[in-house]
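Undergrad: One structure follows; several queries about it will come next.
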Amino acid sequence: MAQSVLGSLILGYRPLWNRTRKLAGIQLYAHNEASVAVDAAHLLRTLQELWTASSPPLLISAQTRQLLCDLLEHAPRGAPWIEVRGDWLSDSAIYARVRAAHQRGLKLVWRGGAHQLPEADVARCFDNSLLTLRPEDAAAALQAAPPARPGATPQAPRAASPVLAGQMYEGVASRALMELCLDHSNALALAGWPSEDVLYGLRHHPQQPSHAVIFKLMKAIDAEQSLETFEDIMGEDPLLAYRFMVYTNSAALGLRTGIDSLRRGLVMMGYGSIKRWLSDQLPHASTDPNMHPVRETMVMRARLTAHLLDAGIEHDLRREIYLCGLLSHIDELLGEPLGTILRRLPLSERIYDATVLNTGPYTGGLQMACALETDDASAIRQLCETFEMDLEEVNRALLRVLADLDVERK
């Protein structure tokens, strides 16, 4: 049964970002308890049922050798990419399955240090690799790179670089190394994003909402689309949503009651006023592509929080939970304490309690949404116990959100 396979696994995820700073795919962590056998074939069928043509490509990262062996043995041609840790290939049973899987046409990804690449006969079994750079390799790569010039065409590095073209990289913590991998070395994707360093580099410039999201909302208003569409688009940018709510609650508007949701603000302001306000935001809006993964990560967290806490609740509450997830890390954008930021708005106390005090009915969903962004199976298991969340339902919510993510196809 599909229920049994999702109830016997602990899943997590990490986005894969491409050169245009858009979502290229998802790394799906899958962990099973040693005492529980997992039907790998059923897991793959479950993913196939949930995924559509527009869903992001998947890289399955088995966190146990047993699960990896089962995936290699049972995955049919056309299955998601399967990651194999380089240090596990010393296990003859795994290596034999890797060779057989490769001969069946499976897409395999070698994962390990860029300084420990496999021998040629092993490397032939893999279509790509997920590499980690040592600090000394990262330093050498940055020294070998040509100087960055705005608008310049990417050039080949001047000396041999440890960064190999066309591969995927993880553990990239600096903006400079990220730009080297994606822009100069044509990496296929980055697993995770150096959000902290990107934001640190912009610390002297006040963060602005996305130019693309503002423009998209203005076009939707011109096309007289639905209120739900306006709300959905505004919810694609945590800073735009926050700014809009600050504005609708400002003395300048003189509204008698506090605006506690995007929907109420949209209804109270009227489309002409909204469009004028958006036009005022546009000249200062952010066009920095490096900020897209930062915002998109916050949006994924919001969607996941809403799905995890969705038990047939009414629309207003679902929107409130989404807002809770969307604003939960906005302090990273604004550089102020989260409590100070949220107290400027007449939000539900449930949002403040969950994001600042870690209490109240939304806490479990928000903490779980954050934990699912990692490969920390023990933390996810602990949250299930603490908040009495059903593991199968958690996994199903995660897979639904991931399957609904949009990926631009080339």
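The values are calculated or read from the model by the stated rules, or taken from the named source; none is laboratory data. Everything numeric in this text was worked out from a predicted model, so none of it was measured. A quick note on method: Cβ atoms are made from the backbone with ideal geometry, for glycine too, and the neighbour counts reach across all protein chains shown. We work out accessible area using only protein heavy atoms, side chains counted, and drop any ligands, DNA or RNA first. Shrake-Rupley method; radii C 1.70, N 1.55, O 1.52, S 1.80 Å.
Undergrad: Please work out how much length the chain gains when fully extended from GLU73 to GLU388, using 0.36 nm per residue of separation minus the C-alpha to C-alpha distance, in nm with one decimal.
TA: 110.0 nm
Undergrad: Considering Cα pairs under 8 angstrom that are at least six residues apart, work out the relative contact order of the chain and quote it in whole percent.
TA: Reported relative contact order: 19 percent.
Undergrad: Moving to a separate point now. GluC sites (Glu not before Pro) within segment 243-352: which are DSSP loop residues with at most 15 other Cβ atoms inside 10 Å? Walk me through the numbers before you get to the answer.
TA: Details: sites: GLU296, GLU314, GLU320, GLU332, GLU349; in loops: GLU314.
Sparse-neighbourhood loop GluC sites (Glu not before Pro): GLU314.
Undergrad: Further, regarding this structure: Subtract the Cα-Cα distance of SER92 and LYS219 from 0.36 nm times their separation in residues, and report this length gain in nm to one decimal.
TA: Roughly 39.9 nm would be gained on extension.
Undergrad: Moving on to the next point. Based on the Cβ-Cβ distance from HIS102 to GLU196, what FRET efficiency comes out when R0 is 45 Å, to the nearest 0.05?
TA: Values: r = 37 Å, r/R0 = 0.83.
After rounding, the FRET efficiency stands at 0.75.
Undergrad: A further question on this structure: Taking the simple approach of a point 7 Å from Cα along Cα-to-Cβ for both TRP277 and ASP404, what is their distance in nm?
TA: A separation of 2.5 nm, rounded to one decimal place.
Undergrad: Where both residues lie in the chain, what percent of DSSP beta bridges are antiparallel, nearest 5?
TA: Close to 30 percent.
Undergrad: Let me ask something else. Of GLU170, GLU336, which has the most accessible area with a 1.4 Å probe, and how do the rest follow in descending order?
TA: Correct descending sequence by accessible area is GLU336, GLU170.
Undergrad: Could you state the number of Å between the C-alpha centres of segment 334-381 and segment 77-97?
TA: 37 Å
Undergrad: Any idea what the relative contact order of segment 1-157 is, in percent, if you count C-alpha pairs under 8 Å spaced at least 6 apart?
TA: On the way: 213 pairs, mean separation 23.4, N = 157.
So the answer I get is 15 percent.
Undergrad: Loop-only check: which trypsin sites (Lys or Arg not before Pro) in segment 182-240 are DSSP coil with at most 12 other Cβ within 10 angstrom? All intermediate terms of the calculation are to be shown ahead of the outcome.
TA: On the way: sites: ARG203, LYS216, LYS219; in loops: ARG203.
Loop-located and lightly packed - ARG203.
Undergrad: At a Förster distance of 41 Å, what's the computed FRET efficiency of THR287 paired with THR64, Cβ-Cβ distance as r, to 0.05?
TA: The value I calculate is 0.40.
Undergrad: Let me ask you something else. Return the sequence-ordered ³J(HN,Hα) values of segment 161-176 in whole Hz as given by the Karplus equation 6.51 cos²θ - 1.76 cosθ + 1.60 applied to θ = phi - 60°, using x for Gly and Pro.
TA: Per residue, the Karplus-derived 3J(HN,Hα) values read 10, x, 8, 8, 5, x, 9, 9, 10, 10, x, 7, 9, 10, 5, 4 Hz.
Undergrad: Now, a different point. Once you place label points 7 Å from the Cα toward the Cβ at HIS211 and MET268, how far apart are they in nm?
TA: Result: 3.2 nm between the two label points.
Undergrad: Hey, how much of the P(r) for segment 323-410 falls beyond 17 Å, as a percent of Cα pairs?
TA: 56 percent
Undergrad: Using 0.36 nm times the number of residues separating GLU314 and ASP232, minus their current alpha carbon distance, what extension gain do you get? Write out the running numbers ahead of the final one.
TA: Working: separation 82, 0.36 × 82 = 29.52 nm, distance 1.65 nm.
Length difference between fully extended and current span is 27.9 nm.
Undergrad: Can you work out the PRE-style zone for ARG124? Point 7 Å along Cα to Cβ, and I want the residues of segment 78-98 with backbone N under 20 Å.
TA: 84, 86, 89-98
Undergrad: What whole-number distance in Å separates the alpha-carbon centres of segment 394-408 and segment 219-244?
TA: Segment 394-408 and segment 219-244 have Cα centres spaced 22 Å from each other.
Undergrad: Counting alpha carbon pairs within less than 8 Å and at least 6 residues apart, what relative contact order, in whole percent, applies to segment 275-410?
TA: That works out to 24 percent.
Undergrad: Something else now. Taking springs between alpha-carbon atoms closer than 10 angstrom, which of ALA354, ALA30, ALA53 fluctuates most in the Gaussian network model of the chain?
TA: Of ALA354, ALA30, ALA53, the Gaussian network model singles out ALA53 as fluctuating most.
Undergrad: Among [x] 1.08; [y] 0.96; [z] 0.99, which is the computed Rg/Rh (Cα atoms, Kirkwood Rh)?
TA: Computing Rg/Rh (Cα atoms, Kirkwood Rh) and matching it to [x] 1.08; [y] 0.96; [z] 0.99 gives [z].
Undergrad: For the chain, give the percent of accessible area contributed by carbon and sulfur heavy atoms, probe 1.4 Å, rounded to a whole number.
TA: On the chain, the fraction of accessible area on carbon and sulfur atoms equals 51 percent.
Undergrad: While we're here: For segment 263-410, what is Rg from Cα atoms divided by 2.2 N^0.38 Å, rounded to two decimals?
TA: With N residues counted in segment 263-410, Rg over 2.2 N^0.38 Å equals 1.15.
Undergrad: Heavy atoms of the protein only, probe of 1.4 Å, neighbouring chains included. What is the accessible area of VAL356 in Å², nearest 10?
TA: For VAL356, the solvent-accessible surface is approximately 50 Å².
Undergrad: Per DSSP H run of n ≥ 4, the term is -39500 (n - 2.57); total these for the chain, divide by its residue number, and report the mean residue ellipticity at 222 nm rounded to 500 deg cm²/dmol. Present the calculation step by step, with values, prior to reporting the outcome.
TA: Numbers: 21 runs with 190 residues, N = 410.
That comes out to -13000 deg cm²/dmol.
Undergrad: Near GLY78, within a Cβ-to-Cβ distance under 12 Å, what is the net charge of the other residues, with Lys and Arg +1 and Asp and Glu -1?
TA: On the way: positive: ARG77, ARG104, LYS107; negative: none.
Computed value for this residue: +3.
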